[in-house]
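Okay, so here's the structure we're looking at.
The values are calculated or read from the model by the stated rules, or taken from the named source; none is laboratory data. In this text the structure is predicted, and so the values were computed from the model without any measurement. Cβ: placed from backbone, ideal geometry, glycine included. Neighbour counts: every protein chain shown.
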Amino acid sequence: MSGSPNRNNPVGVERAHGSLERVTVNLTPRSSKALVDAITLTGDTKTDAINRALQIYAFLEGVWSAEGSVYVRQGADAELELLRAF
């Protein structure tokens, strides 16, 4: 792969379309707790939770990079709130 790294196609990253890709990550304590919380809430495996999180992250970044906004409602009677990246 040649060229300069960019957000959508960093140099040295092979795309694994259609196949599994094994990666190793080091989670911060906060991220580790979030992973436990996610699998407790959903019953998903760690792998499934991480895969889902990455897909959601990519979607959100796509919306934000297009200068869009994402709103959440944290309960049936709650007001809409603007979601901000943290």
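Only residues that are among the hydroxyl-bearing types (Ser, Thr, Tyr) and within 13 Å of the chain's Cα centre (by Cα) were counted in the range 29-49, giving 2. Listed by first and then second residue, the pairs linking a residue in the range 75-86 that is under 13 Å from Glu61 (Cβ atoms) to a residue that is part of a loop (DSSP other than H, G, I, E, B) and among the aliphatic types (A, V, I, L, M), with Cβ atoms under 8 Å apart and 6 or more places separating them unless they lie on different chains, are Leu83/Val70.
This table checks each residue for (1) touching a strand residue (DSSP E or B) at 6+ places or on another chain (Cβ under 8 Å); (2) modelled with pLDDT under 95.
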position	(1), (2)
Ala53	no, no
Phe59	no, no
Ser69	yes, no
Ala78	no, no
Leu82	yes, no
Phe86	no, yes
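Every condition in (1) part of a loop (DSSP other than H, G, I, E, B); (2) surrounded by fewer than 10 Cβ atoms within 10 Å (Cβ to Cβ) holds for Arg30 except the one numbered (1).
Number of residues in the range 59-83 that are within 14 Å of the chain's Cα centre (by Cα) and surrounded by fewer than 10 Cβ atoms within 10 Å (Cβ to Cβ): the value is 0.
The single condition among (1) at pLDDT 95 or above; (2) surrounded by 10 or more Cβ atoms within 10 Å (Cβ to Cβ); (3) not hydroxyl-bearing (Ser, Thr, Tyr) that Val11 does not satisfy is (1).
When the range 39-58 is filtered for residues that are touching a helix residue (DSSP H, G or I) at 6+ places or on another chain (Cβ under 8 Å) and either within 12 Å of Val25 (Cβ to Cβ) or in a loop (DSSP other than H, G, I, E, B) (or both), the ones remaining, listed by number, are Asp44, Thr45, Lys46, Ile50, Ala53.
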